[in-house]
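The values are calculated or read from the model by the stated rules, or taken from the named source; none is laboratory data. Computed from a predicted structure; not experimentally measured. A quick note on method: Cβ atoms are made from the backbone with ideal geometry, for glycine too, and the neighbour counts reach across all protein chains shown.
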Amino acid sequence: MTTTPSPRPTATIDTAPDDDPKVASVQRLYAAFGRGDLDGVLAELAEDVDWAAEAAGTGAPWYGSYRGRDAVPGFFAAIASTVDIDYLDVVGCTCGGDDVIATVRWAYTVKATGRRAEMYMQHWWRFADGRIVFFRGSEDSAQSVAAFAPSLVEIVRDGYDAFSRGDIPAVLATFADTAQWYSPDELPTGGTFRGPAEIAAFFSALPAHYDELQVHPERFHAAGDRVVVEGHHTGRVAGAPFDVGFVHVWTMQDRSVVEFREYMDSGKLLPLFGPR
């Protein structure tokens, strides 16, 4: 199956009167944004402007409400600090009464994830006394959320980081309600644990068997909906030190852990625990 890239629109506005002062203001604002001239953008705004892109959303850093001209630079700072913009083109606009509606297409790459998004947006501009007093932007928010979402490897890596600092609630937050946790049955802490409550009980039982326990993940391998982690455990049992390698297999669904399976050379640990 082959796909044909969508054509990139040109930066023209041809569906509204060229001499309309509201359209001219919007054109100046987009041009100022394109050259990185924040003062030029702010010059088109009323002091008490009500500015929001995806006002109720949280999926991208610039989503939310910015009240007043002094707050609007925060919107642009959130964009500049998190994405590299490939292009932003105004496809067309229309005006009526106090309003201008612009169709915009843009593409960007998220700095943290390397993922690219490309989409159309609708911008609604309202004017009073020659200045913009209201802006609302809408976009393909699902695409933006996906572009910013951490990879499965990053989710798993964050879980290990949380465990290392003793933040078990943060570890448990990565698990689905139906998750299963398997640790080798022959160990005193082994067995199959179902759901966050039983998994929490597994963690609560560890101090009764280990004087010290550290988990050192070393290599992360993404494999479809699974993340395979190679590493080693270190610590002490009854005062005796140990260093045992492991392989952990994490199965993910909807960005939550649905299964964890642990494989290790448990024969190195069993003698430390004594007879059971």
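For residue 112, state whether it is at pLDDT below 95 and either assigned by TED's automatic domain parsing to the domain that holds residue 130 or β-branched (Val, Ile, Thr) (or both). Taking the combined requirement at face value, the residue satisfies it.
So is residue 196 in a helix (DSSP H, G or I) and either touching a residue at least 12 places away in the same chain (Cβ under 8 Å) or not assigned by TED's automatic domain parsing to the domain that holds residue 255 (or both) or not? Yes: the conditions hold for residue 196.
Could you please let me know if residue 169 is farther than 20 Å from residue 216 by Cα and not in a strand (DSSP E or B)? Here the answer is no, as residue 169 does not meet what is asked.
Looking across segment 43-65, the residues that are in a strand (DSSP E or B) and either out of contact with any helix residue (DSSP H, G or I) (no Cβ under 8 Å at 6 or more places or on another chain) or over 18 Å from residue 104 (Cβ atoms) (or both) come down to 46, 47, 48, 49, 50, 52, 64, 65. Going by the conditions given, is residue 270 over 18 Å from residue 151 (Cα atoms), in contact (Cβ under 8 Å) with a residue 40 or more places away in the chain, surrounded by 12 or more Cβ atoms within 10 Å (Cβ to Cβ) and touching a helix residue (DSSP H, G or I) at 6+ places or on another chain (Cβ under 6 Å)? No: the conditions fail for residue 270.
Restricting 139, 54 to those that are of a type in the set (D, E, K, R), farther than 24 Å from residue 24 by Cα and in contact (Cβ under 8 Å) with a residue 60 or more places away in the chain reduces the list to 54.
In segment 37-60, the qualifying residues are those that are more than 14 Å from residue 126 (Cα to Cα) and at pLDDT 95 or above, and the one that is farthest from the chain's Cα centre (by Cα) is 43. When residue 179 is tested against (1) buried (at least 16 other Cβ atoms within 10 Å of the Cβ); (2) in the same structural domain as residue 52 (by TED's automatic domain parsing); (3) not in a helix (DSSP H, G or I), exactly one condition is not met: (2). Might you check whether a residue that is in a strand (DSSP E or B) and over 19 Å from the mean Cα position of the chain (by Cα) occurs anywhere in segment 156-164? Looking through segment 156-164, none of the residues is in a strand (DSSP E or B) and over 19 Å from the mean Cα position of the chain (by Cα).
Taking the options 213, 187, 206, name whichever one is surrounded by 16 or more Cβ atoms within 10 Å (Cβ to Cβ) and touching a strand residue (DSSP E or B) at 6+ places or on another chain (Cβ under 7 Å). After ruling out the rest, the residue left standing is 213.
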